[in-house]
Amino acid sequence: MIWRLGTVAVACVMALPLLGVASGLFTAQGELWRHLADTQLAAITANTLVLLVVVGCGTVAIGTGTAWLVTMCRFPGARLLQWALLLPLVLPTYIIGYAYADLLAFAGPVQSALRSATGWRHGDYWFPDLGSAAGVGLLFTLVLYAYVYLAARAAFLTQSQAFIEAARILGSGPWRAFAVIGLPLARPAIAAGAVLALLEALADFGTVQYYGVQTFTTAIYRTWYGLGNREGAAQISLVLIAIAILLVLAERRSRGRARFHAPANLRARHEAPVLSGWRAVGATTACALPLLLGFVVPTVHLAQLAWNSGATLLDPRFLHDTLNSLTLAAVAAAIIVGLALFLSYAGRLIRRRNLNRLIQFSALGYAIPGSVIAVGVLLPLALADRGIDLLSRILFDAPTGLMLSGSAFALLLAYTVRFLAVGLANIGPGLAAIDPSMDASARVLGAAPRQVLRRIHLPMLRVPLLTAAIVAFVEVMKELPATLIIRPFNLDTLAIGVYRFASDERLAQAAVGSLLIVLVSLAPVIMLSRAITGAAGRTTSSQPYP
């Protein structure tokens, strides 16, 4: 009973901002939609489709390919690349957009060096322009592939090498063994990572606005801030929610009734094959290129800009913002992982369609822009604050002020609604990979559901739990719109500092805050990546090879 009631309670809390957005349906906005249809709707739809195709194909290809190579093969630099391929995860998409805009501009270092070397002038040569849906999708891919890589590598680490060896003995080559055995077993995790990447691309605002690419998100902001039409912006937000639902349903429909379980006695791992010659060079190049373009190049350019600005990372203002960002990210990540574990296990215990729909509904916040969630959170909390203040005045003759909407509680609630999907997307497939017969055996022996979770599932969920913690922590560190709207007075974060400088076209100063976001997020990503490998190794090495 507690699992069912707890799931309903969590879903109701997560639904507060979503219901606030859905309230826009009750307002007639025919004139707004006619205006969009006459001016922007065709371009918005086309750009959104291009972004989905480019980001979806790019992140799956790069994330899955690199995860398979560094997990199942040994080649020069493989151990370094195992954790280094996660580094683009710490870069917000708007930061990599700013970096490449300055780097590839006509007066930037790349084109300046090209003209200096060739003697060309303006109009003498063609240079790729990132100011299109495909160009922005490419920038997104360089960062968001890490979602798929993280989920795919966690899945590959828990796969049995006995399956791959059996396929090789039966005559399958390396590529066929990957396509027939490795890829299908990791499909739920890969799909979950791809959906996260697509939802992140859908909800992005800073990059698409900076490059002048019209999407549903920019339409939401323009309707909200340009026209002052909150109800119209809420209706446009519902389009993003509908796209998110279609993405999730399409993946589940394609999977059908298929289930993927790896028996515990088949999870032992052996020494991976060593690549040599052109295969080793190709593997190293294929894994190093995304890291180079998605992290090294923009970070080095930002460091150069920060050095030229004369600012220092030890500036007290930046250090104070860093402490605020760390505290908020750590607390929010703990809440997100705890709630995601509760909901995922409740769905495993109670196999009811309505309950699973509630869990899926709780994860829809990831498809909504942060500013929309911020307003959806503030409206009910402000109403609750007024009720609490009125009750306090009647009973104690003392005002309470904005206890909820004016504190960090509102910010943490917005983070949880926004990024709960991150925890569910990583922990859910992890639970699904555990053979249900283990639950049945423990229950027959008299173990309660909580004991099964604590003694059996939690040790086997180290990899998914750490994966969810990584992504949630870094996402909260990078979140800008919700923080900008909800934050209490005198509570600034690194993302807010970067936004303020970039809005004033002071990219050199914004580079300092950007580097701090990278540095603060870097240590947890490296430490947890190594913990993932160690946890998976301990889990599998304890099982005898049949």
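The values are calculated or read from the model by the stated rules, or taken from the named source; none is laboratory data. Not measured: the values here are computed from a predicted model. Using ideal geometry, Cβ is built from the backbone for each residue, glycine included, and neighbour counts are taken over all protein chains shown. Areas reflect the complete protein model, heavy atoms only, side chains present, ligands, DNA and RNA absent. Shrake-Rupley method; radii C 1.70, N 1.55, O 1.52, S 1.80 Å.
Farthest toward the dipole's positive end in the stretch 1-157, which of Tyr149, Leu91, His122, given Cβ charges of +1 (Lys, Arg) and -1 (Asp, Glu) about the Cα centre?
Result: Tyr149, furthest along the dipole toward the positive end.
Normalising by the residue count of the chain, find the relative contact order in percent from Cα pairs under 8 Å and 6+ residues apart.
24
Once ligands and nucleic acids are excluded and a 1.4 Å probe is used, how much of Met14 is accessible, expressed in Å² to the nearest 10?
Its accessible surface works out to 10 Å², give or take rounding.
Just to be sure I understand the curve: with the Debye formula and one point per C-alpha of the stretch 1-69, what is log10 I(q)/I(0) at q = 0.13, 0.18, 0.22, 0.26 Å⁻¹?
The Cα Debye sum returns log10 ratios of -0.81, -0.87, -0.91, -1.03.
Let me know the charge dipole size of the chain about its Cα centre in debye, to the nearest 20, where only the beta-carbon of Lys, Arg (+1) and Asp, Glu (-1) is charged.
The dipole of the chain has a size of about 2140 debye.
Excluding ligands, DNA and RNA, what is the solvent-accessible area per residue of the chain at a probe of 1.4 Å, expressed in Å²?
About 45 Å² of surface per residue is accessible.
Given a 1.4 Å probe and every protein chain left where it sits, what share in percent of the accessible area of the stretch 46-150 is carbon and sulfur?
Roughly 68 percent, rounded to a whole number.
For the stretch 466-524, with only Lys/Arg (+1) and Asp/Glu (-1) charged at the beta-carbon, what is the dipole magnitude about the Cα centre, in debye rounded to 20?
40
Based on the Cα atoms of the stretch 332-371, what semi-axes does the equivalent ellipsoid have, where each is the square root of 5 times one gyration tensor eigenvalue, given in whole Å with the largest first?
Each semi-axis is √(5λ); the values are 21, 15, 4 Å.
P(r) of the chain in 10 Å steps, Cα pairs, percent per bin?
3, 17, 27, 26, 17, 7, 2, 0, 0
Calculate the length of the line joining the C-alpha centroid of the stretch 12-46 to that of the stretch 350-369, in whole Å.
So the separation of the two Cα centres works out to 21 Å.
To the nearest 20 debye, what is the magnitude of the charge dipole of the stretch 312-403 about its Cα centre, counting +1 on the Cβ of each Lys and Arg and -1 on the Cβ of each Asp and Glu? Walk me through the numbers on the way to the answer.
Numbers: 8 positive and 5 negative charges, 157 e Å.
For this selection, approximately 760 debye.
Going by average Cβ density within 10 Å per residue, which order do the peptides 79-85, 58-64 take, highest to lowest?
58-64, 79-85
Can you put Asp435, Asp129 in order of accessible area, largest first, using a 1.4 Å probe?
Asp129, Asp435
Sort 382-391, 492-501 by packing, meaning the average of other beta carbons within 10 Å per residue, with the highest value first.
492-501, 382-391
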